[in-house]
Amino acid sequence: MIELRDLREEDADRLYSWRREPDVDRWMYKLPPPSFEAHRAWFDAFMADPDRAGWVILSNGEPAGMMSLSGLTGPGQRAQWGWYIGEAVARGRGAGRAAQALGLDRAFADYGLQKLWSEVLADNDVALKAQAAAGFRREGYLRRHAFKQGEFHDVVIVAVLAEEWQEKRGAVLRDLKASGLIG
């Protein structure tokens, strides 16, 4: 079963390890932290920033990934969205789809947002498909926008509005419950 819990101080080491995993970094927009000290500075700033919120994705009670929102205090009622599955055993098993649904509910209900948007590497078909299933639509395409591992990568901008999630929500949650991914 997939659940979300608030990010805690003791998650710093785990997030550092996940973020440095090649299978996680491959799909990330930015480079991994070059050192634990740099990661720690990012983590401390994240935890202290009222403009951000973060959760650990739990799979059967065990930490499996991270989800975050940035831009919560702006006047536009929109936030940037991001998530990843850090534990290899949880990948490809629906954890991301389930966490995404739980996160969308929290983002729209708890924070009163009207829009969530994300930047996704254009060749990350799994993430783009998962987000489309939840109502995310393509809003833009940034050519040669990210530079990683000596190469430029295109980036797709996707977004979902609160009412678009509400239209999809019932069917998505029903499917996730039927598959045993959420309670």
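The values are calculated or read from the model by the stated rules, or taken from the named source; none is laboratory data. As the structure is a computational prediction, the values presented were derived from the model and not from experiment. Quick reminder, even Gly has a Cβ in these numbers, built from the backbone with ideal geometry, and neighbours come from all protein chains shown.
Output the residues belonging to the stretch 82-140 that are of a type in the set (Lys, Arg), at pLDDT 90 or above and either assigned to a strand (DSSP E or B) or over 11 Å from the mean Cα position of the chain (by Cα) (or both). Don't jump to the end; show me each part of the working.
Step one: filter the stretch 82-140 for residues of a type in the set (Lys, Arg), giving 91, 93, 97, 106, 115, 129, 137-138.
Retained after the next criterion (residues that are at pLDDT 90 or above): 91, 97, 106, 115, 129, 137-138.
Correct list: 91, 106, 115, 129, 137, 138.
Condition check ((1) among the small types (Gly, Ala, Ser); (2) surrounded by fewer than 17 Cβ atoms within 10 Å (Cβ to Cβ); (3) in contact with a Phe, Trp or Tyr (Cβ under 7 Å, 6 or more places away or on another chain)) across all residues:
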position	(1), (2), (3)
85	no, no, no
148	no, yes, no
158	no, no, yes
171	yes, yes, no
181	no, no, no
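When the criteria are applied in full, residue 65 meets the requirement of being modelled with pLDDT of 95 or more, out of contact with any helix residue (DSSP H, G or I) (no Cβ under 6 Å at 6 or more places or on another chain) and assigned to a strand (DSSP E or B).
Here is a check on your reading of the model: is residue 78 modelled with pLDDT of 95 or more, basic (Lys, Arg) and closer than 25 Å to residue 126 by Cα? Full working, then the answer.
On the way: modelled with pLDDT of 95 or more: yes; basic (Lys, Arg): yes; closer than 25 Å to residue 126 by Cα: yes.
When the stated conditions are applied, residue 78 passes them.
Each residue in the stretch 56-81 was checked for being farther than 22 Å from residue 129 by Cβ and under 11 Å from the mean Cα position of the chain (by Cα), and 2 pass. Filtering 134, 99, 95, 109 for residues that are surrounded by 17 or more Cβ atoms within 10 Å (Cβ to Cβ), under 24 Å from residue 63 (Cα atoms) and without any contact (Cβ under 8 Å) to a residue 60 or more places away in the chain leaves a single hit, 134. When the stretch 8-44 is filtered for residues that are modelled with pLDDT of 95 or more, under 18 Å from the mean Cα position of the chain (by Cα) and aliphatic (A, V, I, L, M), the ones remaining, listed by number, are 12, 15. The single condition from (1) surrounded by 21 or more Cβ atoms within 10 Å (Cβ to Cβ); (2) outside any strand (DSSP E or B) that residue 74 fails is (1).
Determine whether residue 158 is over 19 Å from residue 23 (Cβ atoms) and either in contact with a Cys (Cβ under 8 Å, 6 or more places away or on another chain) or in a strand (DSSP E or B) (or both). Walk me through how you get there before you give the answer.
Details: over 19 Å from residue 23 (Cβ atoms): yes; either in contact with a Cys (Cβ under 8 Å, 6 or more places away or on another chain) or in a strand (DSSP E or B) (or both): yes.
Yes; evaluated as a whole, the condition is true for this residue.
Here's the yes/no breakdown for (1) charged (D, E, K, R); (2) without any contact (Cβ under 8 Å) to a residue 12 or more places away in the chain; (3) assigned to a helix (DSSP H, G or I):
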| residue | (1), (2), (3) |
| --- | --- |
| 4 | no, no, no |
| 10 | yes, yes, yes |
| 24 | no, no, yes |
| 28 | no, no, no |
| 33 | no, no, no |
| 38 | no, yes, yes |
| 41 | no, yes, yes |
| 45 | no, yes, yes |
| 53 | no, no, no |
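So, residue 176, is that one crowded, with 18+ Cβ neighbours inside 10 Å, on the phi < 0 side of the Ramachandran plot and in contact with a Gly (Cβ under 7 Å, 6 or more places away or on another chain) or not?
On the way: crowded, with 18+ Cβ neighbours inside 10 Å: yes; on the phi < 0 side of the Ramachandran plot: yes; in contact with a Gly (Cβ under 7 Å, 6 or more places away or on another chain): no.
Here the answer is no, as residue 176 does not meet what is asked.
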